[in-house]
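> Okay, handing you the structure first.
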Amino acid sequence: MTLPTAKNIELLGLDALTPYDRNARLHTEKQIKQIAKSIAAFGFNNPILIDSDQGIIAGHGRLEAAKFLGLETVPVIRLDHLSDKERRAYILADNRLAELSQWDEKTLAAEVEALQVADLDLDAVGWTEDELQALTASLDEAEALEDEPVSLASDESNSETKSFRFEFDISDHAELAEMLDNLRRRYKLDSDAETFEHLVRGAHG
């Protein structure tokens, strides 16, 4: 199967590009400055995607970052094979699909630590110092819980049945599902049942 593929990168002046007036993705001033730092550190490696009329399909944040840096031209890729309906759909898909991926937090923390040792400005990577500290603290807490020995053996000399009651507001089922999913991924559990068992063990301890 052969798919349409953009092949050429062009350089265009910033004023030649037209932002999409129905772009649903918002860029804060803070994020634009972070994008600008990334471009300054690594180069303009992700061209702006445009249609045949030089309207922006993807890259509104990169355009604003280029303005912030005072650039005169930016690299663009022309997607003139898209119909109007496909163009509008792709604008949403380009923003949405990246949000659906997840981080491997242990690998991320290891990479961040290596970059910190190399004295790289992590603002150019997109994380603030507070966010990195929160990530490290979360992983340290998870590792401490994993290393803590858990015994389910009963003491026959002082046998006692303990019961635990968990109450959840049914209106918060989405929040509960998200909490269980986060715990399951963090502790590499296989099911909701194992996740609840993990919670019970924590309460028992």
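> What does the charge count near ILE32 come to, summing +1 for each Lys or Arg and -1 for each Asp or Glu among other residues with Cβ under 11 Å from its Cβ?
With Lys, Arg at +1 and Asp, Glu at -1, the neighbours total +3.
> Still on this model: In sequence order, what are the phi-derived ³J(HN,Hα) couplings for region 45-58 according to the Karplus relation 6.51 cos²θ - 1.76 cosθ + 1.60 with θ = phi - 60°, rounded to whole Hz, with x for glycine and proline?
For region 45-58, the Karplus-derived couplings read 8, 10, x, 6, 8, 10, 8, 5, 9, 6, x, 6, 9, 8 Hz, x marking Gly and Pro.
> Let me ask something else about it. If the label point is 7 Å along Cα→Cβ of GLU10, which residues in region 29-70 have backbone nitrogen under 14 Å from it?
48-57
> Turning to a different aspect of this structure: So what are the ³J(HN,Hα) numbers for region 79-92, from phi and the Karplus equation (6.51, -1.76, 1.60; θ = phi - 60°), rounded to whole Hz, Gly and Pro as x?
Each residue's phi maps through the Karplus curve to give 9, 8, 8, 8, 6, 4, 5, 5, 4, 5, 5, 5, 4, 6 Hz.
> In nm, to one decimal, how far is the modelled label at ASN182 from the one at GLU111, with both set 7 Å along Cα→Cβ?
2.2 nm
> Determine ³J(HN,Hα), in whole Hz, for all residues of region 127-132 in sequence, where each value follows from phi through the Karplus function 6.51 cos²θ - 1.76 cosθ + 1.60 and θ = phi - 60°; x replaces Gly and Pro.
10, 8, 4, 5, 5, 5
> Could I ask something else about it? Cα-Cα over 29 Å: which of LYS7/LYS30; LYS7/LYS85; LYS7/LYS106; LYS33/LYS106; LYS7/LYS37?
Table pairs above 29 Å Cα-Cα are LYS7/LYS30; LYS7/LYS106.
> Follow-up question, since we're still on this one. Label region 9-99 by shape, choosing from rounded, prolate and oblate, from the square roots a ≥ b ≥ c of the eigenvalues of the Cα gyration tensor; if a/c is under 1.5 it is rounded, and otherwise prolate applies when a/b is larger than b/c, oblate when it is not.
It comes out oblate by the Cα gyration axes.
FYI, it's all coordinate maths here, none of it is from the lab. Because the structure is a prediction, the values reported are computed rather than measured. Positions of Cβ are backbone-derived with ideal geometry, glycine not excepted, and every protein chain shown enters the neighbour counts.
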